[in-house]
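K.L.:
Before I ask anything, let me first share the structure, which is written out below as structure tokens.
The values are calculated or read from the model by the stated rules, or taken from the named source; none is laboratory data. None of the values given here were measured: they were computed from a predicted structure. Cβ atoms come from the backbone with ideal geometry, glycine included; neighbour counts cover every protein chain shown.
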Amino acid sequence: MVDILDKVYKKSDAMVFRKIGEECILVPIRQRVGDMDSIYTLNETAARIWELLDGRTKARDIRVRILEEFDATPDEVEKDLLDHIRELKSIQAILED
């Protein structure tokens, strides 16, 4: 079985990323525009993970980049990355490439 960290993920065309002031959000374009339950707010780390999901970079390499850029332990970064990938997959914001 291939580990999540060995996979490459790309952003779904059905999701739009926007930065409004200091807030980063994901908005599914397949839902009704007024459906506030379909808008997802990303914290700083999650927004950076989103930026790094380019369809070419393995999740393992994204983990290394996050470790270099944020003040967190390897275990914290890995847990956050895995949780974020699982959540993005569950809302169909990313696809395995």
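K.L.:
One residue is enough: does region 75-82 have a residue meeting the conditions loosely packed, with under 13 Cβ neighbours inside 10 Å and among the basic types (Lys, Arg)?
P.N.:
yes
K.L.:
Which condition number in (1) part of a loop (DSSP other than H, G, I, E, B); (2) surrounded by 13 or more Cβ atoms within 10 Å (Cβ to Cβ); (3) not β-branched (Val, Ile, Thr) is the one that LEU88 fails?
P.N.:
With respect to (1) part of a loop (DSSP other than H, G, I, E, B); (2) surrounded by 13 or more Cβ atoms within 10 Å (Cβ to Cβ); (3) not β-branched (Val, Ile, Thr), LEU88 is out only on (1).
K.L.:
Tell me, yes or no, whether region 55-62 has at least one residue that is more than 11 Å from the chain's Cα centre (by Cα) and not charged (D, E, K, R).
P.N.:
yes
K.L.:
Just checking, which of GLU44, GLU51, GLU78 is touching a residue at least 60 places away in the same chain (Cβ under 8 Å) and under 14 Å from the mean Cα position of the chain (by Cα)?
P.N.:
Exactly one of GLU44, GLU51, GLU78 is touching a residue at least 60 places away in the same chain (Cβ under 8 Å) and under 14 Å from the mean Cα position of the chain (by Cα), namely GLU78.
K.L.:
Still on this structure: For region 28-50, name all the residues that are at pLDDT 90 or above, surrounded by fewer than 16 Cβ atoms within 10 Å (Cβ to Cβ) and closer than 17 Å to ILE91 by Cα.
P.N.:
Selection gives THR41, ASN43.
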